[in-house]
Amino acid sequence: MPAIAQGAKIKLGYVSPQTGPLAGFAESDAYTIAAFLASDAGKNFEVIVKDSQSNPNRAAEVAKELIVEDEIDLMLVGSTPENTNPVATTCEAEGVPVVSTTAPWQPWFIGQQGNPGDPGSWKGFDFAFHYFWGLEDIIAVYTGMWKQLGTNGTVAGLFPNDADGNAWGDPQNGLKPGLAAAGFSLTDPGRYQNLSDDFSAQINAFKAAGAEIVTGVVIPPDFTTFWNQARQQGFRPKAATVAKAILFPQSVETLGEAGHNLSSEVWWSASHPFKSTVTGQSSAELAADFTAKSGRPWTQPIGFSHSLFEVAANVMGRVSDPTDTEAVAAAIAATDMDTVVGKVAWNGAGVPPFAAKNVCKTPLVGGQWRRKESGGFDLVIVENGTAPQIPTAGKMEALA
Amino acid sequence: MYRLTTSTRAGRITGAAAVVLALALVALPAVAPRALIQDLFTILTLLTLAQLWNLLAGYGGLVSVGQQAFVGIGAYALFAGVILLGWNPVAAILLGGLAALVLAVPTAFFAFRLQGAYFAIGTWVIAEVTRLLVAQWKTLGGGTGTSLPREATSAILGTDLVRALFGVREAAARDIVAYWLALALAVAVIAGIYWLLRNRLGLALAAVRDNPEAAGAVGVDVRRLKWAVFLIASAATGLVGALVFMQTARISPNAAFAVTDWTAYVIFIVVIGGIGTVEGPILGVIVFYVLRSALADYGTWYLMTLGVVAIAVMLFAPKGLWGSISARGNLHLFPIRRRLVGPKIEGGI
Amino acid sequence: MLLETRALTADYGQFRALFGVDVTVAAGECVAVIGANGAGKSTLMRSIAGVLANAPGMVLHRGEPIGALSSAAVMKRGIAMVPEGRRLFPSLTVEENLLIGGEARKVAGPWSLASVYALFPVLKERRHHPGTALSGGQQQMVAIGRALMSNPELLLCDEISLGLAPVVIRDVYAALPKIRAAGAAVVVVEQDIGKALSVADRVYCMMEGRVTLSARASEVTREAVHAAYFGAAA
Amino acid sequence: MIWLDTLVQGILLGGLYALFAAGLSLVFGIMRLVNLAHGDLIVFAAYLVLTGVTLLGLSPLTAALVAAPVMFALGWLLQSLVLNRVLGRDILPPLLVTFGLSVALQNGLLEGFSADSRRIPAGALEGASLNLGVVTVGLMPLVTFAAAVLVILALSALFFRTALGRAFRATSDDAVTAGLMGIEPKRVFAMATGLAMVVVTIAALFLGMRANFDPSIGPARLVYAFEAVIIGGLGSLWGTLAGGIVIGLAQTIGATVNPEWQILAGHLAFLAVLLLKPRGLFPRAVD
Amino acid sequence: MILRLDDVSKSFGALKVTDGVSVEVPRGEALGVIGPNGAGKSTLFNLITGNMLANGGRIEFLGRDVTRVAAMERVRMGVGRSFQIPQPFEGLTVFENLLTAAAFGRGVGEADVVEDCARILEETELLGKANVVAGTLGLLDRKRLELARAMATDPKLLLLDEIAGGLTDGECKALVATIRRIHARGTTIIWIEHVLHALTSVVERLMVLNFGKVIGLGAPDAIMASREVREIYLGLEV
Ligand SMILES: Nc1ncnc2c1ncn2[C@@H]1O[C@H](COP(=O)(O)OP(=O)(O)OP(=O)(O)O)[C@@H](O)[C@H]1O
Ligand SMILES: Nc1ncnc2c1ncn2[C@@H]1O[C@H](COP(=O)(O)OP(=O)(O)OP(=O)(O)O)[C@@H](O)[C@H]1O
Ligand SMILES: [Mg+2]
Ligand SMILES: [Mg+2]
């Protein structure tokens, strides 16, 4: 008999950064969990949420609390490697199954290896499973967007010394080889620390290299500093395609005019042609419902937080004893379902062998922020080369 | 005819109680649920850090805001020992202490040139520099950080024994080993500090705290004293850092060198509890932990409360909670007063 | 009475430095306080000036209790002090040191920058130097001038001759009659008995926090002072 | 050419740090108060200005002018009700109180304004630049630098030309003797903190226009501000500007070598200065 | 010679506080130092103990040049001192004050000096208050403690700075008797005092300082009779 039908509630642990700099990722948590618990599938679950305070120490600590004190059956986690990695490491050590998302798989997988520089030593996990996209998808989407413009193919890279930046900037496993294969050359001056107040060194290097495209994975305040300084210094690339910094509409709005036509990868949007298995809502309905209930614009993490609970419900529907960690882990590995963010199945598709068991990929497209007459911004999908099922709504435009 | 004693009734009772308590804590894993062991691990490591910081600031007058440097370097040394040298994590904890000791030498050399607020900020900057340098250490993940390999954590010394002993899962057995290590460290540090205070060094520290000029005039070597206290406290802080991150199994520069976690909260504990006493940090860590357990699920409100409590205690009990208690009842659980006993002596404590 | 202390006590932490001291100062009068090192003379001055807090009624100014007032409030009532060791502000020039003395209490009176410079002409030449760059004697002049700038009714001078050369001491003491002539009462704390008696109308001798002798300067004998100073005659 | 640009950008960056540090320099210099909440107070002021801009529709400058007296009052109250009661020879109580304030402020702002990254809109100023032939400098950094110089000029004038400034210096030298001059040290301290909050408002205006801010961003620059103050020497306002420039220059030069060294170079410059001159570049006569 | 000062000078900025002082003190002597306030007496002590470093000249103790040696080390060599303004360790008890001085001044363990501390306490009439916190002591006991603590370091040369100042005559007599006993046991003493009768009842020679200079050195009677001293120091018209 499936676990779901057995009366006693299944305990899900959820670690999210409700306070601190990553709090934007957790913005929809309350909404998502309420919606999930109100659904038919959700009735069988109890969700225990812990705040990581955007602090990796704290994330590991509350993960352990969830496991030891609350005796959860399954851990769910998202919101950047800073949050997913300590939680996944703890779960793996504790032998508790964990499903994680909202972090590119390289920083998630490689970032949890003892020596990230030595691929020979990398090992898979028994209890930790991750679904999201990877840098190869970023490369495909970004180059797809850039190819729509006529450029000289010289790309400027801004990568900080953090989990994302190191993964993206890695000369062997990062963006560089992939971009080269697609005919783009990357200028990477080196890892900077987050919250730098000056980017003149980078701008000078980019100008010297004649870069016409800017890319990177930059936190919002740093991108604003960089972007303003770049314009002041007369560095005017044709495209700026960056991750993280312009993820949230609020961050783009802080850029004002200068935000127009900045581009980024899009992992989920209101126009994704997928449906929730839990509430039956389409992406558009989910986004609209969130906005109606919270009064705030939809953001990309909403779909993914929602999908975490879809996966949980699906997995638990296929195990007879939710406390049997091995069985739950096996059920996760056997998942094959269509969520509101696309297909989730740990079948190894598109993932290198070393990570095939633990990583599953969801579709990725590219979008551009277009400033509306009213001052707000729309995210317009302009590139869908790797995920043609997601429709585009426009063409890539060069920056003014 | 005359002799010296530090023994008091309260002290003897405390001593006996402490021994009983320590023994009970050693045996606790046999009966306690994992959650309690887990909580106690956190409490014990925080308590140890607090006692060490108290030794520095409360007894040595060295108000350091950079102790996270030693937590961090100790933790990283453990990871290096395990990942790069293939040591057993328990052995690598010692490496953590050693690394912190080594770092403490240049830190002291530099920071001892500074006084008061300058010293505080100087140590903070040194910790930042250490963090930034460690973040360049690519083999241990640079700014990304790294995790302890699964086979290393499961190979932790003593885990098998505990599994056999208590019949628990591997993860629980590991918790118990870590808890015992934390307990041993806490007991050793508290007993060590108490022993130090009852020793010549304690007299010298009290003398310097009261009047540095006069201390020099009776032959106390103030410089050497500061060095000794700083090196001891730093090395032990490194041990705690290594132990904490062995248990977390994941490290990153921002986590290991977090000024809030490893210094600010520790200062909070010491000052709220009562600086310059052995009892203060014990009381402080209890208050801190109660606050955290009760409120941590309220996110921002928890931290706001913490901030307000810090302000309120400083305004209304500037000597900390233990300071207020002991001033009223003249109670010292860990007496360090040396009394002269013999004929013709009256009064006294 | 311009100033009166009643059973004044003062403590430094647990250490009691004054035990029930009664002194009075009439308007325009010059009173000397003498006594050995550590007798409590400076403590008495600090208590009057409000640096040390006391019970309100322990110090009376024109009959009103001022014992609990802050030193700033006491100063604004017209009681200025020249502290032991001069204590000029090192960050301020000579002129600024003088100016700051008159800023909090702006009352009309004989003392102004000009009249202080007239009293101590050497200060005018050096008015743009940092106060601490002057010689000890000159610093003492600044300290006196600074206190005068508020046109006080009562000037408390603590050990104004300490560490000065005899010639300089002569100059400093020469200023006291002029200050009195301009209307202020003066209390001088002095260890040099001869010097104290030469300027004062009355004298108090202190020992171990108590007044052991109170007399008119003209009537006091060397023996009496000696007894008060050292206990019973040696 | 790149080197010249690096130098110019470094100096301009130093202006920003000096602006952050000026208020700190004031309170640190006058009352030896290590204010760990300084960065958070800047962020708080930035939200205040932003509220003026978004809610009342004011221009950023007008909003700052409105915010300044509010901040002054808050600083005054903070000092007289809280900080004056814990100031003393022991640096720990104020350290803990300001740490508590920092934590409370950060989380209060988070509760009130969410974690969103915000920005004070500065319109055309944001990307504008001035071509000086050999180098191109952004108008915004230039204006920031000018603001730093003006703030320090104004503070210096206040310090060295006015009675209040004399009271500040005298109290800082020797609070007990200042009391004998009719100065209430506690009121002077409250005044100083109030004034520092006005400077904080100016810093907030430029922080908010120059880059994004969110409630957690305060502490990141606090270390730089302290470094600038200490490099300059306790109580020396122009020293603080010099200290800011030293750190700004070290950062841009370090970054030119390798961006990895940007922040590190700033800290190392600070340590180097202290190693050579433990009391800073422009120490005053007494500490 | 236990102590030899050779042209020792010290200035604070422009102020010359010790001006070319040269003096030799034979072992076992008791030397009195007098001079007006601010003459530089305490400063001279600070130079001998190493609490201040001389700007010029040479200081020899037990034949060794100690001009630049740290204060702490000079204590170990046998230089003990009392402070003019008593500086007890206020938070420690009287006994602990002594214990600190004895343990560190001699470089031995606490247990080895307990009896000795008790003896010194008895001699300085502090035994009854051995376990009283020093911060609560009155002036007389503070002065006694200064002496006792200096004694506890087991000095070969004992420097006393105005130890009798401010005491009543009776108290003063008792203190003098103690000092005389210490001297009788062979300890060399240099004693600054304004209370002349106390001083002259113990010392064998007197040194007069004025403006940092030695203006008289010799037998007490001769010094006291000298016109210069009477004029400068006592302020007596002659
Ligand atoms: N700040 C203080 N803390 C503790 N005790 C003090 C303090 N100031 C003075 N005393 C003590 O109080 C007593 C009286 O000191 P006070 O300074 O009033 O003496 P005085 O008569 O002015 O002596 P002097 O001639 O040395 O200036 C002395 O025993 C002194 O040691
Ligand atoms: N650290 C210092 N800095 C500046 N001047 C000082 C310092 N110490 C002492 N002086 C000055 O040196 C001179 C001599 O002081 P010292 O204490 O040696 O005198 P003294 O002879 O012991 O006087 P007293 O009889 O009052 O104790 C005084 O003018 C004093 O102000
Ligand atoms: Mg005095
Ligand atoms: Mg003296």
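The values are calculated or read from the model by the stated rules, or taken from the named source; none is laboratory data. Please read these numbers as outputs of a predicted model, since none were measured by experiment. Cβ placement follows ideal geometry from the backbone for every residue including glycine, while neighbour counts extend to all protein chains displayed. Just so you know, the surface numbers come from the protein's heavy atoms only, side chains and all, with ligands and any DNA or RNA stripped out. Shrake-Rupley method; radii C 1.70, N 1.55, O 1.52, S 1.80 Å.
With each label modelled as a point 7 angstrom along the Cα→C-beta vector, the D:Leu81-B:Ala317 pair spans 2.3 nm. Enumerate the residues in region E:50-78 having an amide nitrogen under 15 Å from the point lying 7 Å beyond the Cα of E:Met1 toward its Cβ. Taking a point 7 Å out along Cα→Cβ of E:Met1, the residues of region E:50-78 whose backbone N falls under 15 Å are E:57-67. Per the accessible-area calculation with a 1.4 Å probe, the total area buried between chain B and chain A rounds to 3000 Å². Rounded to the nearest 0.05, what FRET efficiency do D:Asp90 and C:Ala53 have when you use their Cβ-Cβ distance and R0 = 22 Å? The calculated FRET efficiency here is 0.65. For chain E, the solvent-accessible area with a 1.4 angstrom probe is 34 square angstrom per residue. For region C:108-234, carbon and sulfur atoms together expose 56% of the accessible surface, with a 1.4 angstrom probe and every protein chain in place. Measuring nothing but how far apart in sequence close Cα pairs (under 8 Å, 6+ apart) lie, relative to its length, chain C scores a relative contact order of 27 percent. Put simply, the amide H of C:Val23, placed in the peptide plane, has neighbours under 5 Å in C:Thr5, leaving out anything fewer than 5 places away on its chain. Solvent-accessible area assigned to carbon and sulfur over region E:86-154 amounts to 49 percent, based on a 1.4 Å probe. Burial annotation for region D:172-194: residues with an accessible-area loss of at least 20 Å² between the isolated chain and the complete set of protein chains, computed on heavy atoms with a 1.4 Å probe, are D:Asp173, D:Asp174, D:Val176, D:Thr177, D:Gly179, D:Leu180, D:Met181, D:Gly182, D:Glu184. Interface of C with E. Using a 1.4 Å probe and counting protein heavy atoms only, the two chains hide about 1600 Å² of accessible surface, both sides summed.
Could you compute the net charge surrounding E:Asp7? Neighbours are other residues with a C-beta less than 10 Å from the C-beta of E:Asp7; K and R count +1, D and E count -1. Here the count lands on -1. Going from the isolated chain to the complete set of protein chains, region A:75-90 loses at least 40 Å² of heavy-atom accessible area (1.4 Å probe) at A:Thr89.
For E:Val66, the amide hydrogen comes within under 5 Å of the amide hydrogens of E:Ile59, E:Glu60, E:Phe61, counting only partners 5 or more places away or on other chains and with H modelled in the peptide plane. Distance between the pseudo-spin-label points of C:Ala215 and A:Trp122 (7 Å out from Cα toward the beta carbon): 10.1 nm. Remark on region D:101-133: accessible area falls by at least 30 square angstrom from chain-alone to full-complex state for D:Val103, D:Ala104, D:Asn107, D:Leu110, D:Glu111, D:Ala115, D:Asp116, D:Ser117, D:Arg119, D:Glu126, D:Gly127, probe 1.4 angstrom. Net charge near A:Arg370, counting Lys/Arg +1 and Asp/Glu -1 over other residues with Cβ under 10 Å of its Cβ? Summing Lys and Arg as +1 and Asp and Glu as -1 gives 0. Treating r as the C-beta distance of B:Ala191 and B:Leu36 and R0 as 30 Å, the FRET efficiency rounds to 0.80. In order along region B:16-22, the Karplus-derived 3J(HN,Hα) couplings, from 6.51 cos²θ - 1.76 cosθ + 1.60 at θ = phi - 60°, round to 5, 4, 5, 5, 4, 4, 4 Hz, and Gly and Pro are given as x.
Modelled this way, with points 7 Å down the Cα-to-C-beta line, the labels at D:Arg279 and B:Leu295 are 4.2 nm from one another. The residues of chain D expose on average 32 square angstrom of accessible surface per residue, using a 1.4 Å probe on protein heavy atoms. Excluding same-chain neighbours fewer than eight residues apart, the lysines reachable from A:Lys43 by a Cα-Cα span under 27 Å are A:Lys9, A:Lys11, A:Lys64, A:Lys275, A:Lys293, A:Lys343.
For region C:1-87, the square roots of the Cα gyration tensor eigenvalues, ordered a ≥ b ≥ c, give a/c below 1.5, which places it in the rounded category.
Where both bridge residues fall in region A:165-293, DSSP classifies roughly 10% of the beta bridges as antiparallel. Solvent-accessible area of A:Lys9, all protein chains in place: 120 Å² (probe radius 1.4 Å, heavy atoms, ligands and nucleic acids excluded). The residues neighbouring A:Gly234, those whose beta-carbon lies less than 14 Å from its own, together hold a net charge of +1 under the Lys/Arg +1, Asp/Glu -1 convention.
Take the Cβ atoms of A:Asp321 and A:Asp40, set R0 to 25 Å, and the FRET efficiency comes out at 0.70. Relative to a virtual label point 7 Å from the Cα of C:Asp11 in the Cα→beta-carbon direction, which members of region C:37-64 show backbone nitrogen distances below 13 Å? Of the residues in region C:37-64, C:53-55 have backbone N under 13 Å from the label point off C:Asp11.
Relative to one another, the C-alpha centroids of region B:72-123 and region D:74-108 are positioned 31 Å apart.
Rolling a 1.4 Å probe over the protein heavy atoms gives chain C an accessible area of 37 Å² per residue.
The relative contact order of chain D comes to 36 percent, based on Cα pairs under 8 Å that sit 6 or more residues apart. Sequence-ordered 3J(HN,Hα) estimates for region D:174-187 from the Karplus curve with 6.51, -1.76 and 1.60 and θ = phi - 60° stand at 6, 5, 5, 5, 4, x, 5, 8, x, 9, 8, x, 5, 5 Hz, glycine and proline given as x. For region A:89-184, what does the alpha-carbon gyration tensor say about shape, rounded, prolate or oblate, given a ≥ b ≥ c as the root eigenvalues, a/c under 1.5 as rounded, and a/b over b/c as prolate? Prolate, because a/c is 1.5 or more and a/b exceeds b/c. When only alpha carbons are used to place a centre, region E:149-222 and region D:17-51 end up 56 Å from one another. The D-B contact accounts for approximately 3500 Å² of buried accessible area, totalled over both chains at a 1.4 Å probe radius.
Peptide A:110-120 is shielded by partner chain Cβ atoms: per residue, an average of 6 of them sit within 10 Å of its Cβ. Measure out, as a whole number of angstrom, how far apart the alpha-carbon centroids of region A:123-187 and region D:206-265 sit. Between the Cα centres of region A:123-187 and region D:206-265 lies a distance of 32 Å. Extension gain for D:Val176-D:Glu111 works out to 19.2 nm (0.36 nm per residue, less the C-alpha to C-alpha distance). In this structure, the amide hydrogen of A:Thr187, modeled 1.01 Å from its nitrogen in the peptide plane, lies closer than 5 angstrom to those of A:Val155, A:Ala156, A:Gly157, counting only residues at least 5 positions away or on a different chain.
Only Cα pairs under 8 Å and 6+ residues apart enter the sum, and on that basis the relative contact order of chain A stands at 17 percent.
Backbone geometry of region C:57-74 corresponds, through the Karplus equation with coefficients 6.51, -1.76 and 1.60 at θ = phi - 60°, to 3J(HN,Hα) couplings of x, 6, 10, 10, 10, 6, x, 9, x, 10, x, 9, 6, 6, 4, 5, 5, 4 Hz, x marking Gly and Pro.
For region B:214-338, carbon and sulfur atoms together expose 68% of the accessible surface, with a 1.4 angstrom probe and every protein chain in place.
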